[in-house]
Amino acid sequence: MKKILFVPAIVFALIVALASPSVFAQSFLAKKVVKIGEPVPEFTLNDTEGKSVKRTDFTGSVLMIVYWSANCPFSKRYDPRVNQIVNDYQSKNVKVAGIDSNSTENLDEVKKAMKARNLQYPILIDPSNLIADQYGAITTPHVFIIDESGILVYEGAIDDQGWSDKNPITAKYARDALDATVTDEILVTPVTKPFGCTIKRVE
């Protein structure tokens, strides 16, 4: 099992609070069941072609889940970086899947955005944001990395660029977490603060 430096609950709560500009997170985070260092629950979602995909379909591979949006500019900014991760880690037994949990986005919008942005990974549709609630996903993008045995080892941002694309990138959190996971090293920073557009949940 992956060695992880655990983040105290109060620290994690502060990270979550800082990730959101409002108190909206307080209501749905009570439904969060996915925790660092623990097995993630099964889910079954359809991809954009209607094919059923289970979380356990990825057992035996490292899985990076990216909460994604067809309309969020932050999600659009990060698509090329996630595409590059797909290409760079495909030989290291890493799979990437996006999840769209936004109630405001329909299937046609998702398909058009995927094609326009040349996504190299599938997007799974999360009706009523049930899986986003289980994971405590807040923003697009928001990344969750699961090891080969189904244990959550990282959640948070892809990197530390923040709100402005003019900011320099000084830490590549997702890549660091993937590198540690595939080489079975200690994860020094298993939780970081996500940023981006808030997931548009069902009222």
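Taking V143 as the residue in question, decide whether it is closer than 21 Å to Q84 by Cα, surrounded by 22 or more Cβ atoms within 10 Å (Cβ to Cβ) and among the β-branched types (V, I, T).
Judged against the criteria, V143 is a match.
Y154 - would you say it is aromatic (F, W, Y) and closer than 14 Å to L63 by Cα?
Yes, satisfied.
Tell me which of these D108 doesn't satisfy, since it passes every other one: (1) over 13 Å from the mean Cα position of the chain (by Cα); (2) touching a residue at least 60 places away in the same chain (Cβ under 8 Å).
In the conditions (1) over 13 Å from the mean Cα position of the chain (by Cα); (2) touching a residue at least 60 places away in the same chain (Cβ under 8 Å), D108 misses (2) alone.
With S69, S61 as the choices, which residue is of a type in the set (G, A, S), crowded, with 19+ Cβ neighbours inside 10 Å, touching a strand residue (DSSP E or B) at 6+ places or on another chain (Cβ under 6 Å) and modelled with pLDDT of 95 or more?
Sole residue among the options that is of a type in the set (G, A, S), crowded, with 19+ Cβ neighbours inside 10 Å, touching a strand residue (DSSP E or B) at 6+ places or on another chain (Cβ under 6 Å) and modelled with pLDDT of 95 or more: S69.
Checking V7 against (1) under 27 Å from A180 (Cβ atoms); (2) in contact with a helix residue (DSSP H, G or I) (Cβ under 6 Å, 6 or more places away or on another chain); (3) at pLDDT below 90, which test does it fail?
Checking V7 against (1) under 27 Å from A180 (Cβ atoms); (2) in contact with a helix residue (DSSP H, G or I) (Cβ under 6 Å, 6 or more places away or on another chain); (3) at pLDDT below 90, the one that fails is (2).
Looking at (1) touching a strand residue (DSSP E or B) at 6+ places or on another chain (Cβ under 9 Å); (2) polar (S, T, N, Q); (3) without any contact (Cβ under 8 Å) to a residue 60 or more places away in the chain, which one does S91 not meet, given that it meets all the others?
Of everything listed in (1) touching a strand residue (DSSP E or B) at 6+ places or on another chain (Cβ under 9 Å); (2) polar (S, T, N, Q); (3) without any contact (Cβ under 8 Å) to a residue 60 or more places away in the chain, S91 misses just condition (1).
Would you pick out the residues in segment 164-179 that are under 27 Å from S101 (Cβ atoms) and either buried (at least 16 other Cβ atoms within 10 Å of the Cβ) or of a type in the set (S, T, Y) (or both)?
S164, K172, Y173, A174, R175, D176, A177, L178
Give segment 16-34 a look and list any residue that's over 19 Å from G98 (Cα atoms) and either hydrophobic (A, V, I, L, M, F, W, C) or modelled with pLDDT of 80 or more (or both), or say none.
V16, A17, L18, A19, V23, F24, A25, F28, L29, A30, K31, V33
Of the residues in segment 100-143, how many are charged (D, E, K, R) and touching a Gly at 6+ places or on another chain (Cβ under 7 Å)?
Start the filter on segment 100-143 by keeping residues that are charged (D, E, K, R), which leaves 100, 105, 108-109, 111-112, 115, 117, 126, 133.
Now drop any that are not touching a Gly at 6+ places or on another chain (Cβ under 7 Å), which leaves none.
Counting residues in segment 100-143 that are charged (D, E, K, R) and touching a Gly at 6+ places or on another chain (Cβ under 7 Å) gives 0.
Pick out, from segment 72-140, the helices (runs of 4 or more DSSP H) lying fully within it that include 3 or more residues that are surrounded by 15 or more Cβ atoms within 10 Å (Cβ to Cβ) and among the hydroxyl-bearing types (S, T, Y).
The helices (runs of 4 or more DSSP H) meeting that bar are 73-89.
Just name the residue that is nearest to K54 (Cα to Cα) out of those in segment 141-176 that are charged (D, E, K, R) and not in a loop (DSSP other than H, G, I, E, B).
Let us first name the residues in segment 141-176 that are charged (D, E, K, R), namely 147-148, 155, 159-160, 165-166, 172, 175-176.
Restricting the remaining residues to those that are not in a loop (DSSP other than H, G, I, E, B) gives 155, 175-176.
Details: E155: 20, R175: 24, D176: 26 Å.
Top of the filtered list is E155.
Do we find a residue being in a strand (DSSP E or B), under 20 Å from T181 (Cα atoms) and touching a residue at least 60 places away in the same chain (Cβ under 8 Å) anywhere in segment 33-41?
Within segment 33-41, one or more residues are in a strand (DSSP E or B), under 20 Å from T181 (Cα atoms) and touching a residue at least 60 places away in the same chain (Cβ under 8 Å).
Being in contact with a Leu (Cβ under 9 Å, 6 or more places away or on another chain), in a loop (DSSP other than H, G, I, E, B) and under 26 Å from I131 (Cα atoms) is the filter here; which residues of segment 177-201 pass it?
Selection gives T189, P190, K193.
The values are calculated or read from the model by the stated rules, or taken from the named source; none is laboratory data. None of these values were measured; they are calculated from a predicted model. Backbone-built Cβ (ideal geometry, glycine too); neighbour counts: all protein chains shown.
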